[in-house]
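A short write-up of the structure that comes next.
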């Protein structure tokens, strides 16, 4: 029988767990210096602070620490002091070299055995730490309730978090350290008691935080009064349903080559949300315009008129993946939901599904039965195929001959890995269509059209719930001049995904070629609402519609905007040249034709007549005649 000294026993304790943010990156960059700094912080700040607040270090874990306290007030006070102390220590250190902690605290039942502790109380503390953003502290509901108003700190409710192996969701709060509430430690004049010094510091923090909190509250009231008096400001509360922008996740892998993978994950989350009729979702192109910017949620809300922002980060290392995500209110910047996931790379599809469902629940979005079935649906479960598909997406956005070649190879490799991957078939069909549109293929026109249609039809046959597959089919039909079939496919795409900006853009494209210019304008403006920072395709379609309606000044304005967004685009220049002819600006028209010949010397009237799918022959003939007058060769 084990002796009583070593017999495990249970007790209620406050558990603090801290972890260094970006530890692997720091070690890779300078292992010796990182270890030296970490040991210094541990010996000079962390361990003495834990001791000062009657806690004890259970164990040091390389990049973290696990500590136990008899009181939650002592544990929270210790955590605040550590974070403020680290902020002070990092002032004169460059940001990439700074050591920053995230801290989690829980009050729960633990098992003490020897020098170690175990149990749900420890597991929840570890999850609280995982939910904390760099330099911050997260606490469980049990800690929040026990602390009450004993410390003059603010607490931001993050909602109920589901924790692995814990039956019930755990209420979670972030300890709010208001701006300006930095710890100031006076230099001692002689011998001093370290515990007294630290306790004095926490009192100073409490006073500063309380004052800062009052100031922030007054500023908040003032801002609200100002916003209600300014009718020109778009307010998120005016929307009839929740609205969200998913910002590009940060690539924390330290490898720029992984950008395509991180962007692909962000775009796929947007794709999932776009399927929901009771949620307004900003398109990927607009979200991507914030890439690399340190933007506040309030600013995004003001820019885009959305109520919520989702952002996060992705770290890919070998076969492991770490994803953090947080949902923020754009009115006040409050965190509504946050989570960190450490998974195997092969679990990426389940992880995307989980993130999407968590946010849908957080926003209380009403789902139809069909939407519940579609939510989180993945077109492949093969990680190698998915990786190649994302590479292809990156290449295809270049819209060059070389980019198309690389995209073709990537999509074909994705199909080889997974012959049932619908989106890869659809994407390959689009690339082949763009090849023959731009005369970038060695196939004959009919061979290229036939192959593209075969691939697009295969995509739809494999997955009739994919809006992207129907988009590819509509795009392919369009450039086969099968405009009615193209319109039906595009309508199915937006029926499956009511927030699909590019779906409405394609409908505008098709309606333009059908001669339905008014409908084209309506669709393109809907697309612009969903994608405020749109690509050149949108204004060029708008200009195309104005040209058909003989509104030439508006056409030139829209087409010039298209060229500002992509000076290498061919078709906006063609319609701009035709519009200039109608306005009597012969020199300007000829200049555009010269630029077209530089961009693509093979562009001729004959090529356009064969590939440009205008249903109304009179409109097509008038367009070609305008270009003939501008100097485009036969």
(message) How large is the Rg to Rh ratio of the range 51-118 when both quantities use alpha carbon positions and Rh follows Kirkwood?
(response) 1.02
(request) Could you calculate the FRET efficiency of residue 32 with residue 155 from 1/(1 + (r/R0)^6), where r is the beta carbon distance between them and R0 is 51 Å, rounded to 0.05? (result) 0.85
(request) Just the Kirkwood number for the range 9-176, please: inverse of mean 1/r across all distinct Cα pairs, in Å, one decimal. (result) 16.0 Å
(request) First measure r as the distance between the Cβ atoms of residue 484 and residue 622, then evaluate 1/(1 + (r/R0)^6) with R0 = 25 Å and state the FRET efficiency to the nearest 0.05. (result) 0.65
(message) Give me the one-decimal nm value for the distance between modelled label points at residue 90 and residue 586, 7 Å along each residue's Cα-to-Cβ direction.
(response) 6.8 nm
(request) Before anything else, pin down the relative contact order of the chain: Cα pairs under 8 Å, at least 6 apart, normalised by residue count, whole percent. (result) 8 percent
(request) Quickly estimate the mean residue ellipticity at 222 nm for the chain, helices only: each DSSP H run with n ≥ 4 gives -39500 (n - 2.57), and the total goes over all residues, rounded to 500. (result) -17000 deg cm²/dmol
(request) Calculate, in nm to one decimal, what residue 259 and residue 634 gain on full extension: separation in residues at 0.36 nm each, minus their alpha carbon distance. (result) 130.6 nm
(message) How long are the semi-axes of the equivalent ellipsoid of the range 379-498, taking √(5λ) for every eigenvalue λ of the Cα gyration tensor, in whole Å from largest down?
(response) 20, 19, 12
(request) Would you mind estimating how fast the range 129-171 diffuses translationally, via Stokes-Einstein at 37 °C and 0.692 mPa s with the Kirkwood radius over Cα pairs, in µm²/s? (result) 282 µm²/s
(message) Considering only C-alpha atoms, what is the centroid distance from the range 477-544 to the range 79-104, in Å?
(response) 51 Å
(message) With equal scatterers on the alpha carbons only and no solvent term, can you work out the Debye log10 of I(q)/I(0) for the range 534-634 at 0.10, 0.14, 0.16 1/Å?
(response) -0.22, -0.45, -0.59
(message) With an 8 Å Cα cut-off and a minimum separation of 6 or more residues, compute the relative contact order for the range 9-176 in percent.
(response) 25 percent
(request) Compute the Kirkwood hydrodynamic radius of the range 516-584, taking the inverse of the mean of 1/r over all pairs of distinct Cα atoms, and give it in Å to one decimal. (result) 11.7 Å
(message) Can you tell me the orientation of helix 617-630 relative to the chain, as the angle in degrees between its alpha-carbon axis and the longest Cα principal axis, to the nearest 10?
(response) 90 degrees
(message) Tell me the Kirkwood radius of the chain: reciprocal of the mean inverse pair distance over distinct alpha-carbon atoms, in Å.
(response) 27.8 Å
(request) Could you state the angle between the C-alpha long axis of helix 422-437 and the longest principal axis of the C-alpha atoms of the chain, as a value from 0 to 90 degrees rounded to the nearest 10? (result) 40 degrees
(request) Calculate I(q)/I(0) for the range 237-364 by the Debye formula, one identical point scatterer on each C-alpha and no solvent, and give its log10 at q = 0.10, 0.14 Å⁻¹ to two decimals. (result) -0.29, -0.57
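Computed from the coordinates by the stated procedures, all read-outs in this text should not be read as laboratory data. The structure presented is a predicted model; accordingly, all values stated were derived computationally and were not measured. Neighbour counts are summed over all protein chains in view; Cβ atoms, including those assigned to glycine, are modelled from backbone coordinates with ideal geometry.
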